Amino acid sequence: MKSHTKRDLALINGAGFLRSFGVGLLGVVLGIYLFRSGLSSIAIGLVIAVGLAGSAVSTVVMSLAADRLGRRLFLILLSLLTAVGGIGLALAPGLPVLLIMAFIGMLNGTGTDRSAASALDQAIVPGLVADVRRTWSLAWYNVFLDGGGSLGALAAALPILIQHRLSLSVLGSYRFVFFGYSGLCLMVAILYLLVSPAVEIANPSLVLPMKAKIAPENKRIVTKLTALFSLDAFGGGFLSDALVA
């Protein structure tokens, strides 16, 4: 394996770990913080729904443009936008402004990293390794994601620890953590900035247009899988970690 390939895999795995750590943390503390801030259950659900809608839109945009405009550029941009969500929570604006920042920042209250950046990572990793190592490399990537999410959920105790150590108010300690979350997103952006051009498509002009034909038998399979995942995600929305917390 080439040295730059090992380096790129390490950077992508590291970025995925840090991003998933933030998502795991947010999945627990987001609902608690919004509740302590005085928002109703409907308003809390709305913030989480809008954040997930932003993530869905970013995934669509990424799938349409990332290969043509640059994968690294999109990963950096997604990381910077995610930092906006943390800043929005820390500044505690009114609900309308918070909803806008939640959408732009793609706030994830599910506790699981299923973001556009994660999808793009998993498109990049197979292209960096030999065919026989694809499954192994993707498995390790998901180990880093799940490990980061688990540790992030464990770190949900940070606001209470900070409250006692720094003598802050309850809400002040949560805002401190959200600023840290935004800083974590900036660290992720820096890691993506360091990846090599090997993560890009060699010839963007060869990317299939959206109107490319899909074989009918493949289209049926894709449709069934999409319907299955949509139903699973719909049910998962009722059990968002932030709402349970």
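The values are calculated or read from the model by the stated rules, or taken from the named source; none is laboratory data. None of the values given here were measured: they were computed from a predicted structure. So basically every Cβ, Gly included, is an ideal-geometry build from the backbone, and we count neighbours across all protein chains shown. Keep in mind that these areas ignore ligands, DNA and RNA; they rest on the heavy atoms of the full protein, side chains included. Shrake-Rupley method; radii C 1.70, N 1.55, O 1.52, S 1.80 Å.
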Ranked highest first by average number of other Cβ atoms within 10 Å, how do 91-98, 48-55 line up?
48-55, 91-98
Quick one: if you stick a label point 7 Å off each Cα along the C-beta vector at Leu166 and Ile87, how many nm between them?
1.8
How long, wide and thick is segment 136-245, going by the Cα atoms along their three principal axes, in whole angstroms, largest first?
63, 39, 28
Could you grab the relative contact order for segment 4-117? Cα pairs under 8 Å, six or more apart, rounded to a whole percent.
44
Once both labels are modelled 7 Å past Cα along the beta-carbon direction, what's the Phe238-Arg220 spacing in nm?
3.1
Based on the alpha-carbon gyration tensor of segment 71-121 and its eigenvalue square roots a ≥ b ≥ c, which shape applies: rounded if a/c is under 1.5, prolate if not and a/b is larger than b/c, or oblate?
prolate
Theoretical ellipticity at 222 nm over the chain - DSSP helices of four or more residues, -39500 (n - 2.57) apiece, nearest 500
-26000 deg cm²/dmol
Go ahead and run the numbers for FRET between Leu231 and Leu186, Cβ-Cβ distance against an R0 of 41 Å, rounding to 0.05.
0.70
Around Ala117, under 14 Å between beta carbons, what's the net of Lys plus Arg minus Asp minus Glu among the other residues?
+2
Taking K and R as +1 and D and E as -1, what net charge do the other residues with C-beta under 15 Å from the C-beta of Asp241 add up to?
-1
Listed peptides 4-11, 78-85 by packing density, highest first (mean Cβ within 10 Å):
78-85, 4-11
Checked the chain against the a/c 1.5 cut and the a/b vs b/c comparison, axes a ≥ b ≥ c from its Cα gyration tensor; verdict prolate
What accessible area per residue, rounded to a whole number of Å², is obtained for the chain using a probe radius of 1.4 Å?
54
Apportionment of accessible area to carbon and sulfur, the chain, percent (1.4 Å):
71
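With an 8 Å Cα cut-off and a minimum separation of 6 or more residues, compute the relative contact order for the chain in percent.
Numbers: 331 pairs, mean separation 96.5, N = 245.
Computed value for the chain: 39 percent relative contact order.
With a ≥ b ≥ c taken as the square roots of the eigenvalues of the C-alpha gyration tensor of segment 5-132, please select rounded if a/c is under 1.5 and otherwise prolate if a/b is larger than b/c or oblate if it is not?
It comes out prolate by the Cα gyration axes.
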Distance-filtered residues of segment 214-245 - backbone nitrogen under 18 Å, label point 7 angstrom along Phe35 Cα→Cβ
237-245
